[in-house]
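One structure is given here, and the rest of the page talks about it.
The values are calculated or read from the model by the stated rules, or taken from the named source; none is laboratory data. This one's a predicted model, so the numbers in the text were calculated from it and none came from an experiment. All Cβ positions, glycine included, derive from the backbone under ideal geometry; neighbour counts span all protein chains shown. The area values use the complete protein model at the heavy-atom level, side chains included, leaving out ligands, DNA and RNA. Shrake-Rupley method; radii C 1.70, N 1.55, O 1.52, S 1.80 Å.
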Amino acid sequence: MRAVLVSEFGGPEQLQLGQAADPVAGRGQVRIAVNAAGVNPVDAGNRADGRWAGLRVPCVLGYDVAGVIDRVMAMTHFPDGAGGYAELAVVDAGLAAPIGAAVSFAEAAATPLAAGTALVVLSRLGLPPASRLLVLGASGGVGLFLLQLAAAAGVVTIGVGRPAMHAQLSALGAAACVDYTREDVAARAQALAGGPVDAIADLVGGTLAAAALPSLRPGGQIAAIATPELDLDPLLDANITFHGVLIGDDGDRVRALAALLDRKALRPVVSHVLPLAAAAEAHRILERRHASGKIILDVTG
């Protein structure tokens, strides 16, 4: 089969289209003829050094796939499964979900990991309706899904992102937006919320959570999917609950997301569709951190 192979961990140039042995489905597994594969930030980390995920070179990256057994989408076993950047992928049968005829393969491939992570963040926070959630990195792949899912749950979101994305964030459910490039994130968030927020979703890591922390009420919560640079003392003093979030396998979650796609209750924002041979360019776009939506590899082209 054709596949994008990583022969050595390193930069995007390590992503090379080549030939790999067809994967064989074992007991309880299915083999998917992949039409589209989603590209996620974790893929770039695995390309640079996938040993944390149990990957060994040569390997095929990619967790999000959409294709044909019937018409399905799936997230391959996380984190040491991967294998989505190829014409064929094998997953446990319980991790695949049928997709409706009106859902494109690109939309389906954009969804399992990013939207699944957003669901896990919301589940961990457990916010009741009318709660105020500050979303750092709202214009990223996870953030664009989180805004929609939070709005559906009645949670009021303030999205932090570049001004060029504010109209998109509002259209997807953000009650208000903050420009982190020009504004004091904490002060602006409190002004927009009419007081402290109940929780912060940190989808970017680094220093932004520390800058936003003054906007969080005592007894509030932070859920982070990337490592923040935070002093623990202020969290302890204010009784802040911190949730570290890393997605795992969950077929029921994938099927729930497929149902939302079928009902048009969830809208993937796909900014780039590139041929499989352009996987390296997909990673370069990803690492510039301003993709403005999900990047998809068209495996059929």
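Can you tell me the length gained on complete extension of the stretch ARG2 to ARG284, counting 0.36 nm per residue apart and subtracting the Cα distance? It would help to have the intermediate numbers written out before the result.
Working: separation 282, 0.36 × 282 = 101.52 nm, distance 2.12 nm.
The ARG2-ARG284 span can extend by a further 99.4 nm.
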*Under a Cβ-Cβ cut-off of 13 Å, what is the net charge of the residues other than GLU13 that fall near it, where Lys and Arg count +1 and Asp and Glu count -1?*
-1
_For VAL178, what residues show an amide H to amide H distance below 5 Å, using hydrogens built from the backbone and excluding near sequence neighbours?_
GLY159, VAL160, GLY161
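Sort 89-99, 190-200, 35-45 by the packing proxy (mean of other Cβ within 10 Å over each peptide's residues), most packed first.
35-45, 89-99, 190-200
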*Taking the dipole about the Cα centre of the chain, with the C-beta of Lys and Arg at +1 and of Asp and Glu at -1, give me whichever of GLY100, ALA164, PRO128 is farthest to the positive side.*
GLY100
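Averaged per residue, what accessible surface does the range 22-133 expose to a 1.4 Å probe, in Å²? Intermediate results must be reported in sequence, preceding the final value.
Details: 4080 Å² over 112 residues.
Value returned for the range 22-133: 36 Å² of accessible area per residue.
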_Quick check for you: with a 1.4 Å probe and neighbouring chains kept, what is the accessible area per residue of the range 156-301, in Å²?_
46
*Please list the radius of gyration and Dmax for the range 110-263, considering alpha-carbon atoms only, with Å as the unit.*
14.5, 45
_Between LEU260, LEU203, LEU119, where does the largest GNM mean-square fluctuation fall for the chain, given springs only between Cα atoms within less than 10 Å?_
LEU260
*When the chain is fully extended, how far beyond the present Cα-Cα distance does ALA167 get from ALA187, taking 0.36 nm per residue of separation?*
5.1 nm
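What value does the range 158-201 have for Rg/Rh, both radii from Cα atoms and Rh as Kirkwood defines it? Please list the in-between numbers first.
Working: Rg = 9.9 Å, Rh = 10.6 Å.
Reported Rg/Rh (Cα atoms, Kirkwood Rh): 0.94.
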_Accessible area of the range 1-115 belonging to carbon and sulfur atoms, whole % at 1.4 Å probe_ = 54
*May I have the convex hull volume per residue, in Å³, for the Cα set of the range 1-117?*
94
*How much net charge surrounds SER170 when only other residues with a Cβ under 15 Å from its Cβ are counted (Lys, Arg +1; Asp, Glu -1)?*
+1
*Given the protein chains as shown and a 1.4 Å probe, how many square angstrom of SER271 are accessible, to the nearest 10?*
40
_Suppose we keep just the alpha-carbon trace of the range 210-280; what are its Rg and Dmax in angstrom?_
18.4, 51
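Taking trypsin sites (Lys or Arg not before Pro) as candidate sites, keep only those in a DSSP loop with at most 15 other Cβ atoms within 10 Å, then name the longest stretch of the chain containing none of them. Please report the intermediate quantities before stating the final value.
Values: sites that count: ARG27, ARG56, ARG182, ARG263, LYS264, ARG288, ARG289.
Looking at the chain, 57-181 is the longest stretch - no exposed trypsin sites (Lys or Arg not before Pro) with at most 15 other Cβ atoms within 10 Å.
Out of the total accessible area of the range 210-301 (probe 1.4 Å, heavy atoms of protein only), what percent is carbon and sulfur? Kindly include the intermediate steps, with their values, before the conclusion.
Working: 2370 of 4570 Å².
Reported share for carbon and sulfur atoms: 52 percent.
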*asked:* What is the angle, in °, between the Cα long axis of helix 141-152 and the longest principal axis of the Cα atoms in the chain? Nearest 10 is fine, range 0 to 90.
replied: 60
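Normalise the Cα radius of gyration of the range 249-301 by 2.2 N^0.38 Å (N = residues in it) and let me know the number. The partial results should precede the final answer.
Details: Rg = 13.6 Å, N = 53, 2.2 N^0.38 = 9.9 Å.
For the range 249-301, the normalised Cα radius of gyration comes out at 1.37.
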*asked:* Just to be sure I understand: with springs between alpha-carbon atoms less than 10 Å apart, which residue in GLY100, GLY67, GLY173 has the highest mean-square fluctuation in the Gaussian network model of the chain?
replied: GLY100
_Cα Rg over Rh - the chain, Kirkwood_ = 0.98
*List the residues of the range 161-204 whose backbone N lies under 14 Å from a point placed 7 Å from the Cα of TRP52 along the Cα-to-Cβ direction.*
204
